[in-house]
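Below is one structure, written out as C-alpha cells; comments come after it.
The values are calculated or read from the model by the stated rules, or taken from the named source; none is laboratory data. Computed from a predicted structure; not experimentally measured. We place every Cβ from the backbone using ideal geometry, glycine too, and count neighbours over all the protein chains shown. For the accessible areas, the whole protein counts, side chains as well, though only heavy atoms, and no ligand, DNA or RNA atoms are used. Shrake-Rupley method; radii C 1.70, N 1.55, O 1.52, S 1.80 Å.
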Amino acid sequence: MRRLLLFSLCLWLCSSFVMAGEVPAQLPETQPLTWDDDLADRMMDGLHRFVERKIEHAVANRQQFWKRDTSSPEAYEKSITPNRERLKKIIGLVDRREPTTLEFISLSPANGIARIRWDVLDGVSGEGFAVEPTGKVAGGVVLLPDAHFQPQTVGDLLGSSVGDTARRLGAHGYWVVIPLLIDRSDRHSGNELVAFTNQPHREWIHRQAYHMGRHIIGLEVQKVLAAVEWLKTQTSQKIGVGGYGEGGLLAFFAAAVEPQIDVCLVSGYFGPHTRPWEDPIYRHVWSLHREFGDAELATLIAPRPLIVNHLGFFGVDGPSPHVPAGRRGGAAAGQLRAPSLESVRREFERIDNLIPQSFQNRILTVMPLDTLTEWVTERGIQHFVESLGGRYDHKLSLPDVDVATLNLRIANSQRRQVLELERFIQRLVRESDHTRDKFFPVTALALEARKVGQAFQPDPNVDRPSGQAGKPDLQHFTKSTAKFREYFRDEVLGKFDDPLLPFNARSRKIYDKEKWVGYDVVLDVFPDVFACGVLLLPKDLKAGEKRPVVVCQHGRNGVPKVVIENDEKAYHDSAAKLAARGFIVFAAPN
C-alpha cells in the first residue's frame, strides 16, 4: 500500500515536471522536506510506534471476531467453532494424521516406565516416555515439559520434577505420556552438503514450515493430539493435557483446538504477550494477536476446566552472538522471560469479561518467582487431578528410585525428530505446484488451454456479455481471479483498514546530474507511518509527457542510494543508468 501510493503520486508529480533552466529545489506542488535525520531510521521508528499501538488496541478489537453463545454447552461449542477452525489454520494444524499406533520400544523395570514412539503424520512420529498407572485406570494425561528438557536416560527422567509429577499421576491411576519436544540447541540445524547454522532447532523448523502454511506449534500439537487419541484407546475416563514453558504453550493450544481434551493445565506460559517482537521467532504466529490473546484461547477451552499455574520460568536468552567455527550465523534474536504476576492476573481476569465465571471451572495458582525446583504447584496438581474426576492424596509417597541404575539410553531421538519434520516440510515444498493448482485452478486451465492452442477460458461462473462466449476477455479473466487477489492481500500480505492520511507531499533535491535530477520524496500514509524514496527524472522530460517507469529495489541490507551511486556490487548504478537513458526511476527503501 505504501509503495503503491508513492508510485502513484510520483507519476502525478512527473506529469507536471518541466525542466526550464535551473533545476528546482523541490518538486512542483510539494512542500520542502526539512528533516535532517536518517529517513530509514525515522521510518522504522514510526512503523514500530504504529504497530505497537495496533497490538495495544487488538484486545478491544477482537470482539468483532467472536459470537459466543453461553446459553448451553452445545450452543457455545457451535458458536466458537469458526474461531477454532481459524486458529487451526494459522498454527498450521491442517494435515491429516496417520492412524495412531503406539509402540513400546523398551521397558524399564522400575515403575512401569517405557520408551515409546507413535505415528503422527506421514513420515513423522512422536517419541517420549509412558508411565503405566498403578491399580485401576483413572484416566490419561499428556505431560509436556519445556523444550530444554531432553533426558538421555530413564534415570534422567525419574530424577527430574517432570518425572516426579508423572510418577505421582501414575500412582493416582493415570496413564501418562511424556513427549520429547524439538529443543533449542542447534546441533542438527543445517545440511552437511551445504552448511550448518546457529539457528535453534525450533527456529530451523519454524523458518521452513512458515512458508508452507505450517508452524512448529501446529506440528507439535499434532503429536500431542495423536497421543491423546492413543490414550483414549486405553481408558474411557477423562483425558488431560498439562505442560510447562514451551510445553505449557503446546498444552494450551492443544486443548483450545481439540474439544475431546477434558482438562488443561498450563504452567510457565499464560500471560498477556503484548510484546511479541521480543520473543524468539519460533513463537511468532501470523495474525494470532488480531483474534486471539490468552484470554480468548481460554474461551476455546471453556466450558472445560482450565488450571493456570504462574511460577518462575528459568528464561531463554536466545542464540549466542558468538557463532561457532564451521557454522553460519543468521539466528534471530529473542528472549523468553516470566511475565509479572500482576500482568498474568489481569489476563486471567479478562476471561471474566468474555464468558461468565460460572460457565467454566478455572483457577489461577501461584508459586514464588524465585522457586524453580518444581514446574507446577502442589495445588495446581491437585486441581488438575480433581478436574479429571479423581481424588488427590496429599499423603501419597513415592518409593525412592536409584536413578543411577536406570541407564536405559535414548539414542538420537532429537536428531530423528528434527529430520522427520524437516523431510515432511521439504516434501510439501516439492509437492507445492500441485497444491497451488488445486487452490488456484486458473493455472491449470491456462496450461490446458495452451496445450490445445486455445485462448484462456475464464471462470464459467462469471457472467459474460452475450455473444462473448468462447472469446478471450481480459476483463472477465480479471473478475474471475478477484477472489485470489483478495485472499493474497488479506491472508498473505495483510492489510490495514485505517483511513489514509492526505499525501502532504514533501521533497528536496539531492542529485543534479548531466542528464537527470533526483529528489527525496516523502508522503504521509497513517499516523507515524510515511512512504519515501528517491525519484530520478530525466532532464529532457516535458510537461504531460509519458515515459516508462522503473522501480529499482535494493536488498534487505541496503538503502536507495546503493542502486544509484558508487557502483555497488550487484546493482552497478542501475537506477542512474536507466535515468540517463530517459526512464523515470523510483528507488524505494526496503
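Some notes on this structure:
- Phi angles of the range 34-45 translate, via the Karplus equation with coefficients 6.51, -1.76, 1.60 and θ = phi - 60°, into HN-Hα couplings of 10, 4, 10, 9, 6, 5, 5, 5, 5, 4, 5, 4 Hz per residue; Gly and Pro are given as x.
- Straight Cα distances below 19 angstrom link Lys561 to the lysines Lys509, Lys513, Lys515, Lys569, Lys577, with same-chain residues fewer than 8 positions distant left out.
- Part-to-part distance (alpha-carbon centres) for the range 33-95 and the range 252-303, which is given in Å: 13
- Length-normalised contact order of the range 32-179 in % [C-alpha pairs under 8 Å, at least 6 apart]: 17
- On a per residue basis, the range 46-110 carries 61 Å² of accessible surface, using protein heavy atoms and a 1.4 Å probe.
- Rg to Rh quotient for the range 156-270, alpha carbon positions, Kirkwood Rh: 1.03
- In the range 130-186 the Cα-Cα distances spread across 5 Å bins starting at 0 as 5, 21, 28, 22, 13, 7, 2, 1, 0 percent of all pairs.
- Projected area averaged over orientations for the chain, convex hull of C-alpha atoms, nm²: 35.0
- Value of Rg to Rh for the range 208-331 (Rh from inverse mean 1/r over Cα pairs, i.e. Kirkwood): 1.02
- Here is the size of the range 59-101 from its Cα atoms: Rg then Dmax, 13.9, 44 Å.
- Residue pairs, from the table Lys89/Lys438; Lys54/Lys89; Lys78/Lys136; Lys88/Lys136; Lys67/Lys479, whose Cα atoms sit over 28 Å apart: Lys78/Lys136; Lys88/Lys136; Lys67/Lys479
- Convex hull per residue volume in Å³, alpha carbons only, for the range 285-402: 193
- Probing with 1.4 Å while keeping every protein chain in the model, the per residue accessible area of the range 115-257 equals 27 Å².
- 3J(HN,Hα) along the range 359-365: 7, 9, 7, 9, 8, 10, 10 Hz, from the Karplus curve 6.51 cos²θ - 1.76 cosθ + 1.60 with θ = phi - 60°, whole Hz, x for Gly and Pro.
- Heavy-atom accessible surface of the chain: percent carbon and sulfur, 1.4 Å: 52
- Taking all Cα pairs closer than 8 Å and separated by 6 or more residues, the relative contact order of the chain comes to 16 percent.
- Cut-off of 10 Å, at most 10 other beta carbons, DSSP loop: longest stretch of the chain lacking such GluC sites (Glu not before Pro): 193-513
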